[in-house]
Structures are given as structure tokens and as C-alpha cells.
Amino acid sequence: PFKKKLNINYQKNKKNIGFAMNVLKVSLMAKGKFIWFLGDDDLVIKNSITYLTKLIKANSKIDFFFINSFYLDKAYLDSFPKPFNIKFLPKNMKTHSPLKKNKRSSFFDLIDHRVCFDYLLGFYVNAFRRDLWNKNLNVIDKKMMKVSGTWSTFDNTCFFIKIFCAAFKNSKAFICAKPLSVNLSGVREWSALYPFVEIVRLPE
């Protein structure tokens with residue numbers, strides 16, 4: 001049904017190219033002024049696209065938007081018909097960021113545990129100018145991105161942080177405290193590796 005309302009550019013890979021290369025490929029398929037990454041374990045809140053669009057238009061000098069998200073265990077969805085209708089989302093879900101009010105900041109002010117514990121690692125909470133992203137792809141190591149081991153290199157785990165820091169180091173940022181998506185926990189087979197990502201990859 002969304003094909004009638006949205007211009008969706010869909011492409012299926014012939015083989016699994018891994019998280020990092022897939023995210024990069026999707027970013028290069030994008031055509032709009034801004035990119036907002038969402039994974040297949042994310043739900044979009046009602047009217048979130050409209051809200052974000054208005055936010056971007058009202059803040060024309062902002063290059064990078066941090067967008068809060070809810071957390072929800074996937075098991076909650078199992079008792080509802082598929083596809084899941086977001087009207088059945090529970091109230092009082094935990095949020096990714098504890099902030100309650102929208103806030104303007106510099107880009108590097110986002111790297112603060114009071115904004116978020118994962119320091120931009122959650123790529124689904126970031127919307128940013130596509131042209132600045134594309135101009136700074138030279139900072140990534142594609143050879144390391146293609147290494148097949150799960151989270152085995154910095155570039156196949158969080159290459160996008162390298163691009164963010166190069167592209168938006170001098171940019172103004174905006175923190176959208178209102179959650180516009182729901183991140184489902186209990187979906188990923190690599191969830192047991194997350195402590196390793198926090199202990200090793202984030203400090204890198």
C-alpha cells in the first residue's frame with residue numbers, strides 16, 4: 001500500500017553483503033536531501049515522517065538530527081496479528097535518550113552520555129544531509145568493511161561514525177527528544193556480542 005504514497009526504491013542483493021556494505025549501498029541509493037537510516041527491526045511511529053520533515057524545514061541551517069527512539073521487546077508483537085499495527089504499541093516505553101526537550105547543539109556535543117549511552121552507534125537515531133555524507137566517503141576502509149566476521153573490524157561495525165565525524169565536525173546539530181521510531185530488542189542474532197562492541201569497538 002505504501003508504494004502508492006511513497007517513492008520507494010527497492011533492491012534485493014543476490015547474496016548477503018554484510019551490514020556495513022549494505023548500509024553504504026542503501027545510502028548511495030538515496031536521492032533526497034536527508035538520509036534517515038532505519039533497520040528491519042525498527043518501527044516508525046505514526047506521523048513521524050511528517051514531524052521530521054517539518055523539523056528539518058524549520059531548522060534549515062542544521063545538518064545533523066539526532067532522533068530519539070523507543071525500545072520494545074519483539075516478544076510483545078507475537079500476540080498480535082501480522083503485520084503489526086502500531087496503534088497497539090504499549091504506553092510508557094523506555095527511550096533511547098533520556099532527554100525530554102528538543103535542543104540545538106554542535107555535532108560533537110552529541111557524544112555525551114547525558115544525550116545517549118552509545119555515542120552515535122545507534123545508526124537508526126540519526127538523520128543527516130546526504131551531500132555531506134557523500135563528500136566524506138573517502139574516510140572509510142572498504143576492505144575492512146567487507147571482512148565477514150561479525151563486528152570483527154571497526155569499519156564493518158560502525159564505519160558510519162567515521163563518516164559522521166568527518167562530514168559534520170563543523171556542523172550544528174539538533175536533538176529531537178520526541179521518539180519517532182521503535183527499536184525492537186530480541187531480534188538480532190548478534191545481541192550477545194553487544195558487550196564486546198561497547199568494550200572494544202566504541203573506545204576505538
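Numbers at a glance
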quantity: For segment 1-122, the Rg and Dmax computed from alpha carbons only, in angstrom; calculated: 16.5, 44
quantity: By accessible area with a 1.4 Å probe, ligands and nucleic acids excluded, highest first: order of Thr150, Thr157; calculated: Thr150, Thr157
quantity: Distance (nanometres) between label positions extended 7 Å along Cα→Cβ at Glu198 and Lys46; calculated: 3.4 nm
quantity: Local net charge near Gly18, Cβ-Cβ under 13 Å (Lys/Arg +1, Asp/Glu -1); calculated: +4
quantity: Contact order relative to length of the chain, as percent, for alpha carbon pairs under 8 angstrom and 6 or more apart; calculated: 37 percent
quantity: Relative contact order (percent, whole number), segment 63-151, Cα cutoff 8 Å, 6+ residue spacing; calculated: 37 percent
quantity: Amide H within-cut-off set for Ala173, under 5 Å, with H built and near neighbours excluded; calculated: Ser105, Ser106, Phe107
quantity: Accessible area in square angstrom per residue, segment 101-143, 1.4 angstrom probe; calculated: 56 Å²
quantity: Cross-link pairs Lys33/Lys57; Lys101/Lys135; Lys74/Lys143; Lys54/Lys101; Lys46/Lys74 - those with Cα-Cα distance over 23 Å; calculated: Lys101/Lys135; Lys74/Lys143
quantity: Antiparallel bridges, percent of DSSP beta bridges restricted to the chain (to nearest 5); calculated: 60 percent
quantity: Förster radius 41 Å - calculated FRET efficiency between Asn92 and Ile17, Cβ distance, rounded to 0.05; calculated: 0.60
quantity: Cα-Cα pairs of the chain separated by more than 28 Å (percent); calculated: 27 percent
quantity: Heavy atoms of Asp78 accessible to a 1.4 Å probe, total area in Å² rounded to 10; calculated: 90 Å²
quantity: Globularity index of segment 108-181, i.e. its alpha-carbon radius of gyration over 2.2 N^0.38 Å; calculated: 1.17
quantity: Accessible area, probe 1.4 Å, largest first, for residues Leu24, Leu6; calculated: Leu6, Leu24
quantity: Span-like helix ranges in the chain, DSSP H, alpha carbon extent 24 angstrom or more, Kyte mean at least 1.0; calculated: none
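The values are calculated or read from the model by the stated rules, or taken from the named source; none is laboratory data. All of these numbers come straight from a predicted model, not from anything done at the bench. Every residue, glycine among them, receives a Cβ derived from its backbone with ideal geometry; neighbour counts consider all protein chains shown. Heads up: the accessible areas ignore ligands, DNA and RNA and are worked out on the full protein's heavy atoms, side chains in. Shrake-Rupley method; radii C 1.70, N 1.55, O 1.52, S 1.80 Å.
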